[in-house]
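The structure under discussion appears below in the form of structure tokens.
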2 protein chains.
Amino acid sequence: MVAERLNGINMESLNETIDLVRDNPDFAKFTFIARNQWITGTHNRATIQEFYQAGQKDLTRTEPLVFNEDEPPILLGKNKGANPVEFVLVGLSGCLTTSLVSQAAIKGIELKTVSSELEGNLDVRGFLGLSKEVRNGFESINVKFKIISDAPDEKIQELVDSAKQYSPVYDIITNKVPVSVNFERYSK
Amino acid sequence: MVAERLNGINMESLNETIDLVRDNPDFAKFTFIARNQWITGTHNRATIQEFYQAGQKDLTRTEPLVFNEDEPPILLGKNKGANPVEFVLVGLSGCLTTSLVSQAAIKGIELKTVSSELEGNLDVRGFLGLSKEVRNGFESINVKFKIISDAPDEKIQELVDSAKQYSPVYDIITNKVPVSVNFERYSK
């Protein structure tokens, strides 16, 4: 018999969700949304609130989540927020963690603590237009998990492998996503 | 003569940075860092503070920036924060905006307002292990800018193209970044 709740994951809800989506593949289709407003210079502000599942708006978040983005002074900003590439690391850290914890719950492995440190290496000569050989984005990212669990090493290694295998953000970063960018003018 | 400050970008500082990096390519090498601590279930918390430039720690941020990540109830969470894929959209929105604004400053184009809306389409059958054909990450992302500026349409189109061309996060998402994931056990 499967524990009702493991690692804080409600196994009954997880199994219900899996059954629901198996029977209704449209329920698996989500559209997540971010809005951004430029403030000045390298400072802008993003908001997250609603999203869509199978075309239906989810309104469970009653307040917008607001994120200031800016650069540090060495990159011409005023530290009004984390910078955009750091937000990518935030997303990757959270996604690998949730993926690892969920996989542990599915496999019946109890975790006591999970923490991680991520390093993203970036050469700004790309962004500054000083080199065409240097890419603009991260050249590499290193993730190091620290885990406390009674499970044996080989089970923890399996979990880390599963975390990569199922993580949406790991897929987004290690593979290619098509991005279309359009604009419209509007009157003052 | 170039304006001292355009779109909030200090052109003198920008040119100084470009000259500095051209003469000392090591100064272009940054390592950005995120730390993450699992709370319970799908809730975890990331922090951003220091980073390294040419091996030197930057300490201009005197406080850590803290980001709660969680899923909405339909994805087994409690809305304690935006979810990891939404953080990727936040980063992309900020990066394209900063890239666009900086390129406008370099080209001498004044912008009055810049806002954007991003949609990321994701099918959770990948994450739920229900389909091997469905990828885990975003299948596509659509970005729509709204811009007020006196510049002609073709100049705005050039700016949007430049924003894509120079944006680190656009590169990270539309191309592949190698990510290594390791773990260590530690004692209780």
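Once you average over the residues of A:138-147, how many Cβ atoms of partner chains fall within 10 Å of each Cβ? Walk me through the numbers before you get to the answer.
Values: counts 10, 3, 5, 8, 6, 7, 5, 7, 5, 5.
Mean shielding count: 6.
Per-residue extension of 0.36 nm, minus the Cα-Cα distance of A:T62 and A:R185, leaves a gain of 41.2 nm for this segment.
Among the GluC sites (Glu not before Pro) found in region B:1-105, those both in a DSSP coil and sparsely packed, with 16 or fewer other Cβ atoms within 10 Å of their Cβ, are B:E4, B:E50. Look at the stretch A:56-64: the mean tally of other chain Cβ atoms within 10 Å of its residues' Cβ atoms is 2. Which angle from 0 to 90°, rounded to the nearest 10, does the C-alpha axis of helix B:11-23 make with the longest principal axis of chain B? Tilt of helix B:11-23: around 70 degrees. Once both labels are positioned 7 Å from their Cα atoms along Cα-to-Cβ, the gap between B:N24 and A:L20 label points is 5.6 nm. Note on region B:102-188: with charges restricted to the Cβ of Lys and Arg (+1) and Asp and Glu (-1), its dipole about the Cα centre is near 520 debye. Helical runs (DSSP H, four residues minimum) scored at -39500 (n - 2.57) apiece and divided by the length of the protein assembly as shown put the mean residue ellipticity at 222 nm at -10000 deg cm²/dmol. Can you give the percent of C-alpha pairs in region A:66-132 whose distance is more than 20 Å? That tail contains 50 percent of the Cα-Cα pairs.
Annotation note: trypsin sites (Lys or Arg not before Pro) in region A:85-161 located in DSSP loop regions with a Cβ neighbour count of at most 13 within 10 Å are A:K112, A:K132.
When the label point is put 7 Å from the Cα of A:R5 along its Cα-to-beta-carbon vector, which residues of region B:39-64 have a backbone N closer than 16 Å? Once the point is set 7 Å along Cα→Cβ of A:R5, B:39-44 turn out to lie under 16 Å by backbone N, inside region B:39-64.
For the peptide B:98-109, the mean number of other protein chain Cβ atoms found within 10 angstrom of a residue's Cβ is 3.
For region A:118-188, which chymotrypsin sites (Phe, Trp or Tyr not before Pro) are in a loop by DSSP, counting at most 15 other Cβ atoms within 10 Å?
A:Y186
The A and B chains share an interface that buries close to 12200 Å² of accessible area, total over both sides, probe 1.4 Å.
Nearest 0.05, what FRET efficiency do A:D150 and A:E12 give at R0 = 30 Å with Cβ-Cβ as r?
0.80
For region A:115-166, the Kirkwood estimate of hydrodynamic radius, built from reciprocal distances between every pair of different alpha carbons, is 13.5 Å.
Across the options B:S116, B:V85, B:T97, the greatest Cα extent toward the positive end of the charge dipole of region B:82-188 (unit charges at beta carbon of Lys, Arg, Asp, Glu) belongs to B:V85.
Looking at region A:1-105, the accessible area is 42 square angstrom per residue; that uses a 1.4 Å probe and ignores ligands, DNA and RNA. Residues whose amide H lies under 5 Å from that of B:N83, counting only those 5 or more places away or on a different chain, are B:D70; hydrogens are built 1.01 Å from N in the peptide plane. Please report how far the C-alpha centroid of region A:124-188 lies from that of region B:78-134, rounded to the nearest whole angstrom. Taking the Cα centre of region B:78-134 as reference, the centre of region A:124-188 is 13 Å away.
The values are calculated or read from the model by the stated rules, or taken from the named source; none is laboratory data. Note that the structure is a prediction, hence the values are computed from the model and not measured. No Cβ is skipped: glycine too gets one built from the backbone with ideal geometry, and neighbour counts run over all protein chains shown. Heads up: the accessible areas ignore ligands, DNA and RNA and are worked out on the full protein's heavy atoms, side chains in. Shrake-Rupley method; radii C 1.70, N 1.55, O 1.52, S 1.80 Å.
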